[in-house]
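Please treat every number below as a calculation from the coordinates, not as lab data. Please read these numbers as outputs of a predicted model, since none were measured by experiment. For neighbour counting, all protein chains shown are included, and Cβ atoms are generated from backbone atoms with ideal geometry for every residue, glycine included.
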Amino acid sequence: MRSQGAGLFAYAIVYLAFLYVPVLFLPLFSFNNSMFIAFPLSGFTTQWYSQMWADAAVSHALFNSLKVGAAAALVSTMLAIPAARALTRYRVPGGASMLAFVNLPLFIPEIVLGISLLILLNATAIPLSLLTVALGHIVVCVPFAITVLVSRFEGFDKSLEEASLDLGENGWMTFWRVTFPLALPGIVSSLLLSFMVSFDDFLIAYFLAGSDVTLPIYIWGQLRFPYKLPSVLALGAFILFVSTVLVVFAEWVRSRGLDHRKHKMVGA
Amino acid sequence: MSDETYLNIDHVTKRFGKVLAVNDAQIAIRRGEFFSLLGPSGCGKTTLLRMIAGFEFPDAGEIYFEGMRMTDEPPHMRPSNMVFQSYAIFPHLNVFNNIAYGLRRERLARAELQRRVEDALVMIKLDGFGPRGANELSGGQRQRVALARALVRRPKVLLLDEPLGALDRRLREAMQIELRALQKSVGITFVFVTHDQEEALSMSDRIAVMSAGQVLQIASPRELYEAPNCREVADFIGQMNFFDGKVTGRDGGMARIDAGALGMMEIETGASTGASVLLALRPEKIALSAAATNSVKGTVMAAAYLGERSHYNIDVPGLNEPVSVATQNVGKIASQGHEPGDTVHMTWPPGALVVLPRD
């Protein structure tokens, strides 16, 4: 019994190492005082970080990514709220297949999606820009947003909204006083998740960006110059840190919401 | 309590697809009355309540509050408030804000709002619970908060959708008494939905018994129990023995009925000569004795001792079903016991038999 537990523990350690050790090389070498990415480490430095921050192109690409990410997150979440509500609150004819259809972009390879969007934009003569990148990201973000929000709305007791109507509030005030606050954890985690999906995306942005690029495309371009590699590592480590914080925060918000719901079930 | 109709449900019909949920319901609820809608699940009682609240709208018929037509008004325009089966306590608000929720539109001064909510908390014996989170309440406390949240708005009618269903038995019995006392003290009309006949009998001024969308009988608890108007009501409220009978002649208000194995009897009823009728007899109206004249003889098939009372199934030659009998164990134990196989004689007072139409 005991040795079996130890075996499982070891398995878990190996599993986690397999997942995260490669990623951890990024921050490790970003502090290494050498141009070359190789062991042994030659010393600690933060020069690659200062070099990165000094580079105006980096901050410009970063700002572009933030803009695109914020727009994609906001629009896809706003599109997803009524959809998720309709799918959970009302018996929509063909609701299940509609949900599957909306989720389809998740299963289309991004490269296919990128090429088709590019063809569409060319055909309609819309010039490539950060706007087209954001539009492409919305296509991929909406399924994530709907999935997060549906799981949030599903736990809703329908009588909470009815109680609000019964207590004298109209439909609009009921949305603001009951529906919105209860859905807020789901909305926040939908925003964060959509933002991350957009921020991390390379392929779609690669196809749909004009001359103005997002951060992943900028990084890809920098890899051609060996002397820039350490500062790219610093940038990667920075992105890794921010992503981790965001994802952990989104998950915390979501599980806090679920907790809320669980308590209610137990109490009832 | 006055006899004035306060809430008038006038020939209301509601369909869900092909299902007839409520069929031509006609109920006049009086001011200040504790009125129950009683029936098995799926009988349409909750649909009817939701139509009174404004969550559903009738396909036909009208609903009047104090003579005012409210059939199509949304819930927030009606002078009623509801206690939901799940209580629907807002999980993101504390107890104080849950109770104050419906007072926002009244634009009360801060002190007045505070006073109204505090009074409501005192009424439900939860004073000091205002800052508690909704998740920190027990089932019984949630139920009280739901009550206070509805009553603080001073509704003309309080609608209650099986509010005691989620509580355990002891708490439910305590809440039945409290709820009844509360209704008497606030003096407003309660419309109470339940499938529990004991609950309905013990709390209500009047009860409407519903089945399959139909209102079968509207009467006081005593009348429903002593004089049900059809087999379904008789069957649903308490236990009942049924016997077949045939009217063989009439003498003034009395009908002479041939009840087969039970013999010939004279009962006051309007049934005409030649009519087949159903005779209903409550188990506890029957007295058992070892020997008696002018009685029905039978054999004890099964006996169950239940403390303050005993139940027997008595086989009577000529009857398909055994007769169920309940006796109070008031005397000494030795004088009470009837064992399976014993021959017993059944007697009942005149008037105990209820004559029902045959379905």
Per the rule of 0.36 nm per residue minus the C-alpha distance, extending A:Lys158 to A:Asn170 adds in nm 2.8 nm
Express in whole angstrom the spacing between the alpha-carbon centres of segment B:163-216 and segment B:3-36.
17 Å
Taking the protein assembly as shown on its own, what percent of its Cα-Cα pair distances exceed 32 Å?
66 percent
Counting only C-alpha contacts under 8 Å and six or more residues apart, can you give the relative contact order of chain B as a whole percent?
15 percent
Limiting things to C-alpha atoms, what are the Rg and the maximum Cα-Cα separation (Dmax) for chain B, in angstroms?
24.8, 78
Rounded to the nearest 5, what % of the DSSP beta bridges within segment B:5-235 are antiparallel ones?
55 percent
Considering amide H positions built from the backbone, and no H for Pro or chain starts, which residues 5 or more places from A:Glu169, or on another chain, come under 5 Å of its amide H?
none
Shielding of B:89-96 by partner chains, average beta-carbon count, 10 Å
5
Highest mean first, what order results for A:8-18, A:77-87, B:127-137 on Cβ atoms within 10 Å?
A:77-87, B:127-137, A:8-18
Can you give the direction-averaged projected area of the convex hull of the alpha-carbon atoms in segment B:173-308, in nm²?
12.2 nm²
Enumerate the calculated ³J(HN,Hα) couplings along segment B:123-134 in order (Karplus 6.51 cos²θ - 1.76 cosθ + 1.60, θ = phi - 60°), each rounded to whole Hz, writing x wherever the residue is Gly or Pro.
4, 8, 6, 10, 4, x, 8, x, x, 5, x, 4
Averaged over residues of B:131-141, the number of beta carbons from other chains lying within 10 Å of each residue's Cβ is 2
One can check that the equivalent ellipsoid of chain A, built from the alpha-carbon gyration tensor with semi-axes equal to the square roots of five times its eigenvalues, has lengths in Å, largest first, of 39, 28, 18
With each label point set 7 Å from Cα along the Cα-Cβ vector, what nm distance links B:Glu198 and A:Tyr20?
5.7 nm
Degrees between helix B:139-151 axis and first principal axis of chain B (Cα, 0 to 90, nearest 10)
70 degrees
Need one number: the % of Cα-Cα pairs in segment B:239-357 sitting beyond the 23 Å mark.
31 percent
Only helices counted: for chain B, with every DSSP H run of 4 or more residues adding -39500 (n - 2.57) and the sum spread over all residues, [θ] at 222 nm is -6500 deg cm²/dmol
Filter on A:Lys67/A:Lys158; B:Lys45/B:Lys285; A:Lys158/B:Lys125; B:Lys125/B:Lys184; A:Lys158/B:Lys45 - keep pairs with C-alpha separation over 25 Å:
A:Lys67/A:Lys158; B:Lys45/B:Lys285; A:Lys158/B:Lys125
Each label point is 7 Å from the Cα along the Cα-to-Cβ direction; what then is the distance between the points at B:Met68 and A:Ala56, in nm?
7.0 nm
³J(HN,Hα), Karplus 6.51/-1.76/1.60, whole Hz, each residue of segment B:176-189, x for Gly, Pro
4, 5, 5, 5, 5, 5, 4, 4, 5, 6, 7, x, 9, 6
Under the rule of at least 5 residues apart or a separate chain, name every residue whose amide H is placed under 5 Å from the amide H of B:Ala60.
B:Thr13
Hits for chain A under the membrane-span-like helix rule (DSSP H, Cα axial span at least 24 Å, Kyte-Doolittle mean at least 1.0) are A:2-30, A:56-89, A:130-154, A:180-200
Express as a percent, rounded to the nearest 5, the fraction of DSSP beta bridges in the protein assembly as shown (both residues included) that run antiparallel.
75 percent
Starting from the Cα of A:Lys228, draw a straight line to each of the aspartates and glutamates and keep only those under 18 Å, dropping any in the same chain fewer than 8 residues away.
A:Asp55
Packing-based exposure ordering (other Cβ within 10 Å, fewest first) of A:Thr244, B:Thr71, B:Thr46:
A:Thr244, B:Thr71, B:Thr46
With each pseudo-label sitting 7 Å past Cα toward Cβ, what's the A:Leu106-B:Arg104 distance in nm, one decimal?
3.4 nm
